[in-house]
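The values are calculated or read from the model by the stated rules, or taken from the named source; none is laboratory data. A quick note: this is a predicted structure, and the numbers were derived from the prediction, not measured. SASA here: full protein model, heavy atoms, side chains in, ligands and nucleic acids out. Shrake-Rupley method; radii C 1.70, N 1.55, O 1.52, S 1.80 Å.
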Amino acid sequence: MWEVLAGAAAGIAVAAAGILCYRRGLLDGRKQGQQPFADEPESALMKKYEAIMDYDPYGEHL
């Protein structure tokens, strides 16, 4: 009987730790979503993205 109670307690502890880690990840994700990149403005990032996407290694426009 003791083993069953110990296993149940361990399972509850692991579940609680998982819930806490998941919740912290959600909160950190919200904080990160507010400031995408602190050191570069979004327009500079968009220019870099467009330059990468416009690169045509074979000289063909599709």
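From Met46, Met1, which residue is open to solvent by 80 Å² or more (accessible area, probe 1.4 Å) and modelled with pLDDT of 85 or more? Give the steps one after another, and end with the answer.
Working: Met46 fails: modelled with pLDDT of 85 or more.
Only one candidate qualifies: Met1.
So which of Ala16, Ala38 ends up being at pLDDT 80 or above and of a type in the set (A, V, I, L, M)?
Working: Ala38 fails: at pLDDT 80 or above.
After ruling out the rest, the residue left standing is Ala16.
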